[in-house]
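These notes concern the structure reproduced below.
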Amino acid sequence: MNSLSQLARRLMALDDKIVACMRCGLCQAVCPMFGASGYEADVARGKLALINNLAHEMIQDPEAVADKLGRCLLCGSCQASCPPGVHIMDIFVEAREVVNAYLGLHPVKKMVFRTLLPKPGLFNFAMRVGATMQGCVFRKSKDAQGTVCAPMLDFMLGDRHMRPLAKKPLHARYGSISEARRPGGLRVAFYPGCMGDKMYVDMAEACLKVLRHHEVAVFMPAGLACCGIPALSSGDADGMLRQMQVNLDLLNPVAFDYLVTPCGSCTATIKEYWPRYASRLDEAAAERAARVAAKTMDINAFLVDVLKVQAVEPAANATKVTFHDSCHLKKSLGISSQPRTLIGANSAYTLQEMAEADRCCGCGGSFNLFHYDYSRKIGQRKRDNVAASGAEVVATGCPACMMQLEDVLSHNQDNVRVKHPIEIYAESL
């Protein structure tokens, strides 16, 4: 009875948040999912109408409700364009949690989010085994992006082209880093994120190179866990809290000026969701999460806003690079000019803006896994804009977006390389 009362209270709280929606439909013009499907139910307005009647709909067909709520990339485009400022992303995330509480979390998701990801040692071991065995399953795609594909796993992965797992992840290369602060200098905690640690290791190493070039002391403890956004996006707040707790225990006893990450999704999660959800643990956790969140910065913003890195004049024969604004970086954090400045700090590159630079690329984390057909369709529009720019390189500040761009560019056999702005800047040092 207590759980039913709690569910009723949460449904009422959602109703209070939805009431500001005017049903104006401006979300329709910016929604990448609606652009791909054409279904009104895929627009924020349609989903809010569903959530407004959530209790009845869950009783009627809870699996259908879960499916409809899952057909969203959580890109935030609707929220950024909403005239009355409805906190649509918060509503969608909480609605997914309510539905999962009613249905029960899928056993595979429960194993991943509550057992594997909160135990970095176990997760790292599983990924090391996967990296060793991947040669038996994957074959090279023979493209400019250096991706691999797995035709025998199409039934599970789709016809996906992706970056292979690093043979030696970042944590295995460096272990625990705890550099002493230089006199008058800064000390940062470096949070590489799961993909920076296990797939885009070159990008994470470029971050370390840049920080050391600027004489910034680095603290990177061994045993960092996932930031928790995959679990939270799937409606599993409990799994996210377990992962967050691991990270808070590692980060809080140590003194640092900033926590920097090269992943827009990780940055937004730590800054926005950690303080909001940590109170579910206890008051001490809420205070620790708030302290960490206040110090967290995207690495592009840290280099430009704190270290004052500036753009220079491009060389006459500079390589053309275009930039994709990742959704969490621009729409959640408001960071857009800093990555462009960082690219401009290397005279060997010149920025060529693409059309719709801030339109979602179609990854959406787990959305890419469960709705790969729509993900590819949305990604194709981004690829077309990249190709039309005439750039030889496309840069973005989120490893998930890098993975999506590599996939769609590979499928189109485009001779365009994908890089993080930090890699472009690091090349100039």
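The values are calculated or read from the model by the stated rules, or taken from the named source; none is laboratory data. As the structure is a prediction and not an experimental result, all values here were calculated from the model. Every residue, glycine among them, receives a Cβ derived from its backbone with ideal geometry; neighbour counts consider all protein chains shown.
Give, as residue ranges, the helices (runs of 4 or more DSSP H) completely inside the range 9-65 that count at least 3 residues that are modelled with pLDDT of 85 or more. Before the answer, list the steps.
Working: elements: 26-30, 32-37, 44-52, 54-60.
The helices (runs of 4 or more DSSP H) meeting that bar are 26-30, 32-37, 44-52.
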Margin query: For the range 274-282, check the following and say yes or no: at least one residue is assigned to a loop (DSSP other than H, G, I, E, B), assigned by TED's automatic domain parsing to the domain that holds His328, small (Gly, Ala, Ser) and out of contact with any Gly (no Cβ under 8 Å at 6 or more places or on another chain).
Written below: no
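Let's see how each residue does on (1) under 27 Å from Asp67 (Cα atoms); (2) free of Cβ contacts under 8 Å to residues at least 60 places away in the same chain; (3) over 13 Å from the mean Cα position of the chain (by Cα):
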{"site": "Arg187", "(1), (2), (3)": "no, no, yes"}
{"site": "Asp197", "(1), (2), (3)": "no, yes, yes"}
{"site": "Ala204", "(1), (2), (3)": "no, yes, yes"}
{"site": "Arg212", "(1), (2), (3)": "no, yes, yes"}
{"site": "Ala217", "(1), (2), (3)": "no, yes, yes"}
{"site": "Ala237", "(1), (2), (3)": "yes, no, yes"}
{"site": "Ala255", "(1), (2), (3)": "no, no, yes"}
{"site": "Thr269", "(1), (2), (3)": "yes, yes, no"}
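Yes/no matrix, rows are residues, columns are (1) under 20 Å from Lys142 (Cα atoms); (2) under 19 Å from the mean Cα position of the chain (by Cα):
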residue: Gln380; (1), (2): yes, no
residue: Ala388; (1), (2): no, no
residue: Ala395; (1), (2): no, yes
residue: Cys401; (1), (2): no, yes
residue: Gln413; (1), (2): yes, no
residue: Ile422; (1), (2): no, yes
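Are any residues in the range 230-256 assigned to a loop (DSSP other than H, G, I, E, B) and of a type in the set (S, T, N, Q), and if so, which ones?
Matches in the range 230-256: Ser234, Asn252.
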Next item on the list: Among the helices (runs of 4 or more DSSP H) lying completely within the range 145-229, list those that include at least 1 residues that are farther than 22 Å from Asn368 by Cβ.
Entry: 170-174, 201-213
Item checked: Subset of the range 358-415 [of a type in the set (A, V, I, L, M), in a loop (DSSP other than H, G, I, E, B) and out of contact with any strand residue (DSSP E or B) (no Cβ under 6 Å at 6 or more places or on another chain)] -> none
Next item on the list: Return yes when Ala284 is without any contact (Cβ under 8 Å) to a residue 12 or more places away in the chain and hydrophobic (A, V, I, L, M, F, W, C) and no when it is not.
Entry: yes
Note to self: It is to be established whether one or more residues within the range 412-421 are without any contact (Cβ under 8 Å) to a residue 60 or more places away in the chain and among the β-branched types (Val, Ile, Thr).
What the structure shows: no
